[in-house]
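As structure tokens, the structure follows; a few thoughts come after it.
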Amino acid sequence: MNDNAGKAEWHGARLDFKESMSYGDYLGLDQILSAQHPLSPNHNEMLFIVQHQTSELWIKLMLHELQAVRRHIREDNLPPAFKMLARVARIMDQLVHAWDVLATMTPPEYTAIRPYLGASSGFQSFQYRELEFILGNKNPNLLAVHAKAPEHHAILEQELEAPSVYDEAVMLLARRGFPIAAERLQADWTQPTRPDASVQAAWLGVYGDTEHHWALYELAEKLVDLETAFRFWRFRHVSTVERIIGFKTGTGGTSGASYLRKMLDVVLFPELFALRTEL
Ligand code: HEM
């Protein structure tokens, strides 16, 4: 006979959670797991929903990390920023691999769902837009997409007007004694990052004497890691889209794959790539 018979435990684990917080309570699993509402009768719509929802959760974490990264750079406190930037790059890598799961969806499977999606599109993801903005790919015109949701609009407007993570890195270069052009330090933050000769010269100085500028060198390489992972994500998105919908227009109304191909030309941290030609 089991000595534990009748006791509310199993191998030391509690079995009774009437009085205390459980796993599901802590994680809000009732809300998360009841948020999948397929609209079509098609089996594959669940994959489509879960893939988008999990991507949004990871984007939420990336934003949380990047906001802290920006704060730490502003406060000249680089070690925690390095740790967080490494985490963001790994999250992005993971999202790159997540496309393999979605790629198991075939064109006929997507076509069965497509009429139920209406005009909904990742293009309307406010978190994704915030991610682009905090990394410096600003575009004031895209705020209009969020006019229907004032709280999202307000978050994006605030992010549009704030210096990006990279702008903070450029300001740090100036604080560390590198001569950065005044126009760059007082740039209109609502505009996308523009290449600047003084910033490139500063990074060249860092890469030219890594021993003396190790922390800035490490910051630069962490940013390059992140941008590289982001580029892979964009590439896997457009490749998966071509595989599934070919060259049809998107549910959001753009030209579809050709719009996404243009996004492959986005460069987030221009000088960090341009300087490599000089090394
Ligand atoms: C079968 C799957 C998918 C298809 C066919 C698809 C297709 C497209 C298309 C055609 C666009 C361009 C905008 C439009 O006209 O709609 C777009 C944008 C976008 N999609 Fe997807 N997508 C898929 C999956 C995903 C997933 C899983 C995510 C993850 C969050 C995602 C996030 C985005 C984002 C953020 C944009 C805006 C990109 C930008 O403006 O640079 N998509 N998608």
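The values are calculated or read from the model by the stated rules, or taken from the named source; none is laboratory data. Owing to the predicted nature of the structure, the values given are computational and were not obtained by experimental measurement. Note: ideal-geometry Cβ built from the backbone for every residue, glycine included; neighbour counts use all protein chains shown. Each accessible area value is taken on the protein alone, full model and side chains, heavy atoms only, with ligands, DNA and RNA left out. Shrake-Rupley method; radii C 1.70, N 1.55, O 1.52, S 1.80 Å.
Some points to look at:
- Residue in segment 197-206 that is in contact with a His (Cβ under 9 Å, 6 or more places away or on another chain) and closer than 22 Å to Ile134 by Cα present: no
- Enumeration of residues in segment 124-181 that are touching a Gly at 6+ places or on another chain (Cβ under 9 Å) and within 12 Å of the ligand (Cβ to nearest atom): Gln124, Tyr128, Val145
- Among the residues of segment 234-279, the ones that are more than 15 Å from the chain's Cα centre (by Cα) and assigned to a helix (DSSP H, G or I) come to 23 in all.
- Sole residue being over 16 Å from the mean Cα position of the chain (by Cα) and either surrounded by fewer than 16 Cβ atoms within 10 Å (Cβ to Cβ) or assigned to a helix (DSSP H, G or I) (or both), chosen from Leu156, Leu160, Leu143: Leu143
- Matching helices (runs of 4 or more DSSP H) fully within segment 1-104 where at least 2 residues are among the hydroxyl-bearing types (Ser, Thr, Tyr) and open to solvent by less than 90 Å² (accessible area, probe 1.4 Å): 45-74
- Residue that is least open to solvent (accessible area, probe 1.4 Å), among those in segment 241-266 that are of a type in the set (Val, Ile, Thr) and more than 6 Å from the ligand (Cβ to nearest atom): Val266
- Within segment 15-69, the residues that satisfy the criterion of being over 30 Å from Phe230 (Cα atoms) and within 16 Å of the ligand (Cβ to nearest atom) are Leu39, Ser40, Asn42, His43.
Residue by residue, here is whether (1) farther than 23 Å from Gln51 by Cβ; (2) away from the ligand (no atom under 16 Å from the Cβ); (3) in a loop (DSSP other than H, G, I, E, B) holds:
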residue	(1), (2), (3)
Val206	yes, yes, no
Thr210	yes, yes, yes
Thr228	no, yes, no
Phe232	no, no, no
